[in-house]
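For reference, the structure discussed in these notes is given below.
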Amino acid sequence: MVRISNLEESLDFYCNTLGLKEIRRRESERGRFTLIFLAAPEDEGRALREGAPMLELTYNWDPERYEGGRNFGHLAFRVDDIYATCQRLMDNGVPINRPPRDGHMAFVRSPDGISIELLQKNEPLAPQEPWVSMENTGTW
C-alpha cells in the first residue's frame with residue numbers, strides 16, 4: 001500500500017508512465033478514501049482471479065502531508081529492458097535518481113516521493129551510454 005496525495009497525478013505516473021493497469025477501485029464515502037488496485041500487465045489475469053500481485057494506492061480525501069516515510073519506503077519492479085524503461089520515464093519528465101550504470105538497477109521517485117527501484121529481468125544488460133556516465137540526482 002502506498003498513500004498518494006494527488007489521484008490524477010499518481011495514476012498518470014503509475015499507469016501511463018510506469019505501465020501498470022488499474023484492476024479495481026473502491027471508494028468509501030464514510031471513510032473518505034479511495035483505494036485503487038494496480039497490477040503489471042503480465043499479472044492482470046492473476047490479479048483479477050486471485051487478487052494478487054497488486055499495488056494498492058490509497059487516496060485520503062482530506063488533505064494530509066506525507067513526509068519522512070509515512071507514505072511508504074520503496075517499491076521494486078522487474079522490467080524487460082531497464083534502459084528503455086528509464087528512457088521512457090525520462091521522456092515523461094521523470095528524473096532518474098540513480099541511473100542504471102550497471103545495466104541492472106535504477107531508482108526513480110513517484111509524484112509523492114516514493115522511491116521506486118527498477119531491476120533488469122534476468123541478467124544485467126551490457127553497460128552503455130548515456131547511463132554509464134550519468135550522475136545520481138536527488139535522493140533515492
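Quick notes
- The chain: antiparallel DSSP beta bridges as a percent of all, rounded to 5: 70 percent
- Lys/Arg +1, Asp/Glu -1 at C-beta; the stretch 1-138 dipole; positive extreme among 128, 93, 76: 76
- With the convex hull drawn over the C-alpha atoms of the stretch 1-71, the volume per residue is 91 Å³.
- Dipole size of the stretch 1-131 about its Cα centre, with +1 on Lys/Arg Cβ and -1 on Asp/Glu Cβ: approximately 320 debye, rounded to the nearest 20.
- Under 15 Å, Cβ to Cβ, from residue 103 - net charge with Lys/Arg +1 and Asp/Glu -1: -2
- Estimated from helical segments only, the mean residue ellipticity of the chain at 222 nm is -4000 deg cm²/dmol, where each DSSP H run of four or more residues counts as -39500 (n - 2.57).
- Apportionment of accessible area to carbon and sulfur, the chain, percent (1.4 Å): 47 percent
- Whole-Å distance, taken between Cα centres, linking the stretch 83-140 and the stretch 4-43: 22 Å
- Rg in Å to one decimal, and Dmax rounded to a whole Å, for the chain via C-alpha atoms: 15.8, 52
- In loop segments of the stretch 3-94 as defined by DSSP, the GluC sites (Glu not before Pro) with at most 16 further C-beta atoms inside 10 Å of their C-beta are 29, 64, 67.
- In whole percents, the pair-distance distribution calculated for the stretch 69-119 from its alpha-carbon pairs, binned every 10 Å from zero, is 27, 58, 15, 0.
- Taking all protein chains into account, the per residue accessible area for the stretch 1-112 stands at 55 Å² (1.4 Å probe).
- Residues whose placed amide H lies under 5 Å from that of residue 23, excluding near-sequence neighbours: 37, 38, 39
- Value of relative contact order over the chain, rounded to a whole percent, pairs C-alpha under 8 Å and six or more apart: 22 percent
- Antiparallel DSSP beta bridges within the stretch 59-138, percent to nearest 5: 50 percent
The values are calculated or read from the model by the stated rules, or taken from the named source; none is laboratory data. This is a predicted model, so every value here is computed, not measured. Cβ: placed from backbone, ideal geometry, glycine included. Neighbour counts: every protein chain shown. Note: accessible area is taken over every heavy atom of the protein model, side chains too, but ligands, DNA and RNA are not part of it. Shrake-Rupley method; radii C 1.70, N 1.55, O 1.52, S 1.80 Å.
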